[in-house]
Amino acid sequence: EPEVTQTPSHQVTQMGQEVILRCVPISNHLYFYWYRQILGQKVEFLVSFYNNEISEKSEIFDDQFSVERPDGSNFTLKIRSTKLEDSAMYFCASADLTRETQYFGPGTRLLVL
Amino acid sequence: QQQVKQSPQSLIVQKGGISIINCAYENTAFDYFPWYQQFPGKGPALLIAIRPDVSEKKEGRFTISFNKSAKQFSLHIMDSQPGDSATYFCAASSGGSRLTFGEGTQLTVNP
């Protein structure tokens, strides 16, 4: 069964450093999403991406965040200057043309020290 | 108005019992209500979903009940098993856009 994959599974970084989280969505999917989950809290929407542009973003997704689809398979989330409060699990998700079901990857656990 | 409220925060049931998790929403534009199951260290996985044109959907031991007028929906797990122990999230979306998640329910099924 096709699945969303994410790398790395864990990342530890120093405050102020840039991080890039990578995702490979399901191959025939056209809609891509990033969510985050701070430890013990609910999953929160960050951004959605379609046709090589952001289609929707939350108030969390400020100028420190950016997304990119650098090639036909990868979808990345960049945090330019990490803060302590960026520590969370980051999930990538993808959906097909119907957008009915979003399929989530296993997540990247980001720890900012 | 975008919030989805979920209860209880945690739930302990005995093997073979019924687990019931409730969610309420305010945004009447929501038209898709999925439930996700999450095991520790894993991403949320779709369990079952419903649209507001039906009041109930059943898939195996899992049933969603939907009350449009009350703006509430619930997940029932029949014959709960220890393998069902996980965190369950309700969610809602409108027109296939962002998912708004509830706070999550940590379910423990004792053998």
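Amide H contacts of A:Ser55: A:Ser48, A:Phe49, A:Tyr50, each under 5 Å away and 5 or more positions distant or on a separate chain (H built 1.01 Å from N in the peptide plane; Pro and chain starts excluded).
DSSP loop trypsin sites (Lys or Arg not before Pro) in region A:11-113 with at most 15 other Cβ atoms within 10 Å of their Cβ, which ones?
On the way: sites: A:Arg22, A:Arg36, A:Lys42, A:Lys57, A:Lys78, A:Arg80, A:Lys83, A:Arg99, A:Arg109; in loops: A:Lys42, A:Arg80, A:Lys83, A:Arg99.
Counting only loop positions with at most 15 other Cβ atoms within 10 Å, the trypsin sites (Lys or Arg not before Pro) in region A:11-113 are A:Arg80, A:Lys83.
When you filter the GluC sites (Glu not before Pro) in region A:1-82 for DSSP loop state and at most 11 other Cβ atoms inside 10 Å of their Cβ, you are left with A:Glu18, A:Glu59. Please work out the Kirkwood hydrodynamic radius for the protein assembly as shown, using every pair of different C-alpha atoms, and report it in angstroms with one decimal place. Hydrodynamic radius (Kirkwood, Cα pairs) of the protein assembly as shown is 18.0 Å.
Once Rg and the Kirkwood radius are both taken over the C-alpha atoms of region B:1-107, their ratio Rg/Rh works out to 0.94.
Listed values for region B:50-66 are Karplus-derived 3J(HN,Hα) couplings in whole Hz (6.51 cos²θ - 1.76 cosθ + 1.60, θ = phi - 60°), namely 9, 10, x, 7, 10, 9, 7, 9, 10, 9, x, 8, 9, 9, 9, 10, 10, and x replaces Gly and Pro. Candidate cross-link partners of B:Lys15 among the lysines, defined by an alpha-carbon separation under 25 Å and a same-chain spacing of 8 or more, comprise B:Lys42, B:Lys57, B:Lys58.
Ligands, DNA and RNA left out, the accessible area of the protein assembly as shown computed with a 1.4 Å probe is 48% carbon and sulfur. Taken per residue, the accessible surface of chain B reaches 47 Å², heavy atoms only and a 1.4 Å probe.
Solvent-accessible surface (1.4 Å probe) assigned to B:Val13 amounts to roughly 20 Å².
Which value, in square angstrom to the nearest 100, describes the accessible area buried between chains A and B on both sides, using a 1.4 angstrom probe? Before the final figure, lay out each step's value.
On the way: alone 6640 and 6050 Å², together 11090 Å².
When A and B are taken together, about 1600 Å² of accessible area is lost.
In whole Å, what is the distance between the alpha-carbon centres of region B:73-91 and region A:14-90? Each part reduced to its Cα centre gives a spacing of 28 Å.
Over region A:5-112, the fraction of Cα-Cα pairs per 5 Å bin, rounded to whole percents and listed from the shortest bin up, is 2, 13, 25, 27, 19, 9, 3, 1.
The contact residues of region B:86-101, meaning those that lose at least 40 Å² of 1.4 Å-probe accessible area when all protein chains sit together rather than their chain alone, are B:Gly96, B:Arg98, B:Leu99, B:Phe101.
The values are calculated or read from the model by the stated rules, or taken from the named source; none is laboratory data. Nothing here was measured: the structure is a model prediction, and the numbers come from that model. Note that each Cβ is placed from the backbone with ideal geometry, even for glycine, and that neighbours are counted across all protein chains shown. These area figures cover heavy atoms from the full protein model, side chains too; ligands, DNA and RNA do not enter into them. Shrake-Rupley method; radii C 1.70, N 1.55, O 1.52, S 1.80 Å.
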